[in-house]
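One structure is given below, encoded as structure tokens.
The values are calculated or read from the model by the stated rules, or taken from the named source; none is laboratory data. All values derive from a computational prediction rather than experimental measurement. Cβ coordinates were reconstructed from backbone atoms using ideal geometry, including for glycine residues, and neighbour counts include every protein chain displayed.
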């Protein structure tokens, strides 16, 4: 990639928004404008049950959203967690960064800020998302969960809800990194988090350094997967740090993934990244996973394989 090219990199489910992000960059918008424009479309997509509207609910049937943004020139960041009743979590994360002297606002505070900012409010559930959530709760939603996670949830949830059963772990997230022709970088992450998660649980998506990190001098990275892993290992920051100390992008991704093995906790991880020259890359513990990127001069985004790094 030429270092003068604008480029947008995203998780596979960012397909619905990546072209809008490039339109923003071509029109002179900032990388942050591009990131928010792309993720906003994913949050509004009713067919994506891992983000925003139609996201899957927590253990007691409430949809709680997490999101974060970061810009690589000043290292400013903003994040929200456990947001209820407003699908535009990425917009609210930007509001935190630009309007408040804080980085992270959660729960009722995030709800209050969304109302004050005039973000549209509404029920985030759909018939399809309710049906999937109920199947998970009833234990008919697919392959068994990781046993250790299920055991912990059963213990915590005993007083709140019926046994969630052997349900599929349908975790998901969208992440997007954008770089303009001047080398400025921004990244963003948005998610409805683990379905059947314990109320108030935050994953890595709103945690700067864990699920999201950008620094114009070295690059950017963002994570999806079992967020408790990347929170413990500061995975997004680690990828950028490895590049800072001279590792090529691919090696930085591999090292960050291999560091997760030291945690000795089951769980998958996916990373997208961009180096300071505008070269994209991605890695996953799941074979056959893909990511997308769209560079200036391209007519359509490319879907490329992620580097497979087995979890153990």
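General observations
- Screening residue 278 with (1) in a strand (DSSP E or B); (2) touching a residue at least 60 places away in the same chain (Cβ under 8 Å); (3) closer than 18 Å to residue 35 by Cα gives one miss only, at (1).
- Enumeration of residues in segment 282-305 that are under 20 Å from residue 252 (Cβ atoms) and out of contact with any helix residue (DSSP H, G or I) (no Cβ under 9 Å at 6 or more places or on another chain): 286, 304, 305
- Among the residues of segment 229-242, not a single one is touching a helix residue (DSSP H, G or I) at 6+ places or on another chain (Cβ under 6 Å), modelled with pLDDT of 95 or more and part of a strand (DSSP E or B).
- Within segment 37-88, the residues that satisfy the criterion of being without any contact (Cβ under 8 Å) to a residue 60 or more places away in the chain, part of a loop (DSSP other than H, G, I, E, B) and closer than 19 Å to residue 112 by Cα are 84, 85, 86, 87, 88.
- Checking residue 71 against (1) surrounded by fewer than 20 Cβ atoms within 10 Å (Cβ to Cβ); (2) over 27 Å from residue 121 (Cβ atoms); (3) at pLDDT 95 or above; (4) over 13 Å from the mean Cα position of the chain (by Cα), the condition it does not meet: (1)
- For segment 262-289, the set of residues classified as over 22 Å from residue 240 (Cβ atoms) and either in contact with a strand residue (DSSP E or B) (Cβ under 9 Å, 6 or more places away or on another chain) or modelled with pLDDT of 95 or more (or both) consists of 286, 287, 288, listed by residue number.
- Residues located in segment 215-235, provided they are over 11 Å from residue 267 (Cβ atoms), more than 11 Å from the chain's Cα centre (by Cα) and surrounded by 24 or more Cβ atoms within 10 Å (Cβ to Cβ): 219, 220, 235
- Applying the criterion of being closer than 26 Å to residue 195 by Cβ, touching a helix residue (DSSP H, G or I) at 6+ places or on another chain (Cβ under 8 Å) and without any contact (Cβ under 8 Å) to a residue 40 or more places away in the chain to the residues of segment 89-114, the residue that is surrounded by the most Cβ atoms within 10 Å (Cβ to Cβ) is 110.
- Residues in segment 93-122 that are part of a loop (DSSP other than H, G, I, E, B) and touching a strand residue (DSSP E or B) at 6+ places or on another chain (Cβ under 9 Å): 100, 102, 103.
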